[in-house]
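Structure, as structure tokens:
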Amino acid sequence: MKNISIDSSIKERCPEAVLGVLQCKVAVKEDDALFLELLNDKIAELAEIELSQANKREKIQSTRKAYKALGKDANRYRCSAEAMCRRISKERGLYYINNVVDINNYLSIKTGYSMGTYDLEQVQGDILWARAPEGTAYQGIGKDVLNIEFLPALFDEKGPFGNPTSDNTRAMITEKTKEIVMVFYVFDGGEGLLELLKEAETLLQEFAGGYDFKEEIVE
């Protein structure tokens, strides 16, 4: 299991911040039809929520409050869970990427927690979750260069590679990915987080050939 810790730059401003972490080996491929049915049912359910209510869910609200405490505008830099729920409310659905990414997205829209899943081979050394310093930026997945200053970002020896708004292309999941680390970004203390990690494990085992699981709640 990777050594993961939370920096005081986050804990001092967001004392209830924790990370739910799941590490395992996977086989990345197209989505299974049974999983797509599960995902599409959840999308259809969330499509009934009005756009004005898309950011009112408890877990999304906790992330928005954390962004404010860290000095980031949660309206300009929406967390990924809120962005996906807003897209669904606009009846635009979600893009289907691959089985691992789409399991990540399913769990995120279901819970309201923003999440990230990363190619472990591309992550060098220990991982630190810290408030990104002023002027920090990186190439977002499917985006231009993203200003991530003050966002709660994951750092390794090479620099930042993920945060609850958008991840860096460096550690993105591709068909070559063999081992992943899946992260729940949590700002409300994480009650029920262990059960969510078990649910993620079940989905990855069933739909991504997941095995050799290691779970951790980082406080």
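The values are calculated or read from the model by the stated rules, or taken from the named source; none is laboratory data. Being a predicted model, the structure only gives us computed values, none of them experimental. Neighbour counts run over all protein chains shown; Cβ positions are idealised from the backbone, glycine included. Areas reflect the complete protein model, heavy atoms only, side chains present, ligands, DNA and RNA absent. Shrake-Rupley method; radii C 1.70, N 1.55, O 1.52, S 1.80 Å.
Whether a residue is small (Gly, Ala, Ser) and surrounded by fewer than 23 Cβ atoms within 10 Å (Cβ to Cβ) was assessed, and ALA69 passes this test.
Only residues that are open to solvent by less than 20 Å² (accessible area, probe 1.4 Å) and closer than 10 Å to GLY112 by Cα were counted in the stretch 80-97, giving 3. Got a sec? Which of LEU154, LEU120, LEU146 is of a type in the set (A, V, I, L, M) and under 17 Å from VAL18 (Cβ atoms)? Checking each option against the conditions leaves just LEU154.
Per-residue answers, yes or no, for (1) open to solvent by less than 40 Å² (accessible area, probe 1.4 Å); (2) under 15 Å from VAL100 (Cβ atoms); (3) modelled with pLDDT of 95 or more:
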residue	(1), (2), (3)
PHE150	no, no, yes
GLY190	yes, no, no
LEU196	yes, no, yes
GLY210	yes, yes, yes
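Residues in the stretch 132-145 that are under 16 Å from the mean Cα position of the chain (by Cα) and either within 15 Å of ASP73 (Cα to Cα) or assigned to a strand (DSSP E or B) (or both): GLY140 only. Among the criteria (1) open to solvent by less than 80 Å² (accessible area, probe 1.4 Å); (2) in contact with a helix residue (DSSP H, G or I) (Cβ under 8 Å, 6 or more places away or on another chain), the one SER62 does not fulfil is (2). Reported count of residues in the stretch 5-20, each being in contact (Cβ under 8 Å) with a residue 12 or more places away in the chain and either within 19 Å of ALA132 (Cβ to Cβ) or open to solvent by 60 Å² or more (accessible area, probe 1.4 Å) (or both), is 11.
Among the helices (runs of 4 or more DSSP H) confined to the stretch 1-75, the ones with at least 2 residues that are under 15 Å from THR111 (Cβ atoms) and in contact with a strand residue (DSSP E or B) (Cβ under 9 Å, 6 or more places away or on another chain) are located at 58-70. Of the residues making up the stretch 160-183, those that are open to solvent by 10 Å² or more (accessible area, probe 1.4 Å) and within 15 Å of ILE127 (Cα to Cα) number 4. Please find, within the stretch 173-188, the residue that is nearest to GLU201 (Cα to Cα) out of those that are aliphatic (A, V, I, L, M) and over 12 Å from the mean Cα position of the chain (by Cα). Of everything passing the filter in the stretch 173-188, ILE180 is nearest to GLU201 (Cα to Cα).
Just one of the listed residues (LYS56, LYS25, LYS29, LYS2) is over 28 Å from ILE180 (Cα atoms) and either among the aromatic types (Phe, Trp, Tyr) or surrounded by fewer than 19 Cβ atoms within 10 Å (Cβ to Cβ) (or both), namely LYS56.
Evaluate the stretch 107-117: report whether one residue or more is touching a Gly at 6+ places or on another chain (Cβ under 7 Å), in contact (Cβ under 8 Å) with a residue 12 or more places away in the chain and over 23 Å from ASN55 (Cβ atoms). Show your work before the answer.
First pass over the stretch 107-117, keeping only residues touching a Gly at 6+ places or on another chain (Cβ under 7 Å): 116.
Narrowing further to those that are in contact (Cβ under 8 Å) with a residue 12 or more places away in the chain: 116.
Next cut, over 23 Å from ASN55 (Cβ atoms) only: none.
So far as the stretch 107-117 goes, no, none of its residues is touching a Gly at 6+ places or on another chain (Cβ under 7 Å), in contact (Cβ under 8 Å) with a residue 12 or more places away in the chain and over 23 Å from ASN55 (Cβ atoms).
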